[in-house]
Amino acid sequence: MSRVTIAQVAKHCSVAKSTVSKVLNQTEGFNVRPEVRDRILAAARQLNYRPDGIARNLRMSNVRMVMVVGYNIHWATAHGIYEGLLASAIDTLRKHDVRVYMDMNQSDQQQDEWSAAMMHGALVLPGRNLQVRQFMQQMNVPYVTINDQPYFENESCVCVDDYQGAVDATEHLISLGHRRIVYKDHIHQKHDQETQDKKHYSIPDRRRGYVDAMRKHGLDPLPGYDQNVQVDEFLDQYILGQ
């Protein structure tokens, strides 16, 4: 039988997960009506809720902990995109005696227990981004998002300047004497072909950088730069067919 989560207790009581977490963890300074507290404690007993032992030990020992949150590690470190960044961040945190906990699960179920770990902060990778950020906001946990634009007004984000990167790459090719320069987006099979809304912000930024650099030097962007198609289709339609 799977372990009962804070989310299940909250649903049983018709209250917020943050309220359940603070009541069960006896958060100092948190006030709630006695009848709500009693209802939560009764539900926890009825459902046989058991807090996470590791999280409880971290809380009692005053260990500082920062979470690194994303989707599975194979995607997160694909082609070394985040590998160097995470290695540097973890090394810096450990130099300051901060424990690092990485959650790269495909499921968001474990999120129900994060509050019990008394996080001091988090690094949030793309993927589970918005839901995780909403949770951090609700629990008042400081966090920094990596490679994504701000969603909430008070967010701290570390982003790549994809526009300037595309400009620099295009102008480098132009400086070498190339004039017929093509641009092709990367397609993430699961998301980009299903809906334009799932595209990462970097895609339009890179396209714009390519177009601006070409036009700055009096060159026309080649057809296909704004098409979201597979590589073989792109080559057939826009390169080999020219």
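Read-outs throughout are calculated quantities, based only on the coordinates presented, and are distinct from any laboratory measurement. Predicted model, so just to flag it, every value in this text is computed and none were measured. A quick note on method: Cβ atoms are made from the backbone with ideal geometry, for glycine too, and the neighbour counts reach across all protein chains shown.
A few remarks follow.
- Distant-in-sequence amide contacts of Ala122, defined by a placed amide H-H separation under 5 Å and a gap of 5 or more residues or a different chain, comprise Met67, Tyr143, Val144.
- Taking amide hydrogens as placed 1.01 Å from N in the peptide plane, the amide H of Arg64 sits under 5 Å from those of Arg99, each at least 5 positions away in sequence or on another chain.
- Placed amide H near Val4: partners under 5 Å, 5+ positions off or other chain: Arg50
- Around Leu86: net Lys/Arg minus Asp/Glu count, Cβ-Cβ under 14 Å: -2
- Here the Karplus relation 6.51 cos²θ - 1.76 cosθ + 1.60, evaluated at θ = phi - 60°, turns the backbone of the range 37-44 into coupling constants of 4, 4, 5, 5, 5, 5, 5, 4 Hz, with x for every Gly and Pro.
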